[in-house]
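A quick write-up on the structure given underneath.
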Amino acid sequence: MAGMFRSRVAGTGSYLPPNVLTNADLEKMVDTNDQWIVDRTGIKQRHIAAKDQVTSDLCKIASENALKDAGISATDLDAIIVCTVSGDNIMPSTACALQHKLGAPGVMSFDLSAACTGFVYGLTVADQFIRTGMFKNVLVVGAEVLHRFVDYTDRETCILFGDGAGAWVVTRAQANDPNIIISSHLHADGSLGDLLTLSTGGTGYPFSPAAEPEKGPYVKMKGREIFKNAVRVMSTCCHEALNANKVDPSEVDWLVPHQANNRIIEAVAERFGFPKDKVVVSVDETGNTSAASIPLAFQIAKDAGKIKRGQMILLTAFGAGLTSGSLLMRY
Ligand code: UT7
């Protein structure tokens, strides 16, 4: 019956390409230094996809790990959602490429574009498909190969971004299962769209880069403005999640924020009195991996034995758009 079901996270997986770009490497490329990058962002390294790897290749490995963890096969899936802003192509979708690589013919597959908030948006879509009774198993993947869109002469952006993929299998929960997605709260403010852009391949960007070099085929960012807005919108979304469910911050076992900058994460956590040891931070290892950041951070904390079944988890993200969101769940 429609509207009778709840969803749970049945399995998680991730993939980080082995090649690493360190702060010491960047010191040789632009006028920067390890101390500045660590002090201002917390980032020590980022993973970089191999020349012959495309986004769907990263998705495939992360998804296989998630399917294994959930104990189901790709043919059990009802839908595949890939959240990305650096997909293989404009068309066909990265989700369709992934569906083929996983061997899941016929399964509905589509990409979702909400930048760094993509994974929280994607989980919400999966949750809604399951709540209505339409689907039982939805694969949600956050994946980026952003380094191909980074200008390695721009020291403000090139220090930030890395590649990676994280995947979750979201499944219909048994009745009375306490481990469910509780609620999500999503927003966007298109008036702030020019703070963070990647114009390449869109209809507003001519295919000759020479025609409008100021747009360029790269990620462009107004860093300070993004920073201020990030703290504001993630705090608002966390408040919404806690207030809607009458949950005190002390009841949350882990805050898993979008990994953009350690100072942004600390500012958000401080507003809720979250102690440092309840906040997942992996930005030092991965840099900013946009839509992949939350599932990667979650997996790193899970593999370290920190995140466990039954715990209350609060996800929050912001990204280009500007998009923002939070999701409260019992894992
Ligand atoms: O998922 C969303 C993606 N984007 C973000 O999350 C970005 C959010 N913003 C940030 O993380 C920060 O704004 C940055 C890390 C990008 C910059 O940190 P900041 O503390 O806001 O630095 P700033 O822009 O205020 O710049 C301070 C100084 C400037 O020099 P002057 O004008 O004071 O002489 C910059 O030119 O730091 C300089 N600077 C650098 N110095 C060494 C900027 N980038 C670098 C660098 N190395 N890589």
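The values are calculated or read from the model by the stated rules, or taken from the named source; none is laboratory data. What you see is a predicted model; the values in this text were computed from it and never measured. So basically every Cβ, Gly included, is an ideal-geometry build from the backbone, and we count neighbours across all protein chains shown. Only protein heavy atoms, including side chains, enter the accessible area calculation; ligands, DNA and RNA are left aside. Shrake-Rupley method; radii C 1.70, N 1.55, O 1.52, S 1.80 Å.
General remarks:
- Rounded to 5, percent antiparallel among DSSP beta bridges of the chain: 70 percent
- About the Cα centre, charge dipole magnitude for region 124-248 (Lys/Arg +1, Asp/Glu -1 at Cβ), debye: 260 debye
- For the Cα trace of the chain, dividing Rg by the Kirkwood Rh returns an Rg/Rh value of 0.95.
- Largest mean-square fluctuation among E64, E285, E27, in a Gaussian network model of the chain whose springs join Cα atoms under 10 Å apart, belongs to E27.
- Anisotropy class of region 47-111 from Cα gyration tensor, a/c 1.5 cut: oblate
- Overall form of region 1-74: prolate. Here a/c, set by the Cα gyration tensor axes a ≥ b ≥ c, is 1.5 or more, and a/b is the larger of a/b and b/c.
- Carbon + sulfur, % of accessible area of the chain - ligands and nucleic acids excluded, 1.4 Å: 53 percent
- Whether region 1-130 is rounded, prolate or oblate, judged on the alpha carbon gyration tensor where a/c under 1.5 counts as rounded: prolate
- Relative contact order computed over the chain (Cα-Cα under 8 Å; 6+ residues apart), in percent: 25 percent
- Rounded to the nearest 0.05, the FRET efficiency derived from the C-beta distance between S113 and R40 at R0 = 35 Å is 0.80.
- Between the residues N243, G166, V145, the greatest Cα displacement towards the positive end of the dipole of the chain, with unit charges on the Cβ of Lys, Arg, Asp and Glu, is found for N243.
- In the context of the full set of protein chains, residues of the chain present 42 Å² of accessible surface per residue (probe radius 1.4 Å, heavy atoms only).
- Sequence ranges 70-76, 271-277, ranked by mean other-Cβ count within 10 angstrom, highest first: 70-76, 271-277
- Pairs with C-alpha atoms separated by more than 23 Å, drawn from the list K44/K276; K228/K302; K278/K308, are K228/K302.
- Cross-link table K136/K306; K136/K246; K136/K220, entries beyond 32 Å C-alpha to C-alpha: K136/K220
- Mean Cα-pair separation over length for region 112-240, i.e. relative contact order, pairs under 8 Å, 6 or more apart, %: 21 percent
- Area of M29 that stays accessible when all protein chains are in place (1.4 Å probe, Å², to 10): 90 Å²
- For peptides 150-160, 173-183, sequence by mean Cβ density within 10 Å, most packed first: 150-160, 173-183
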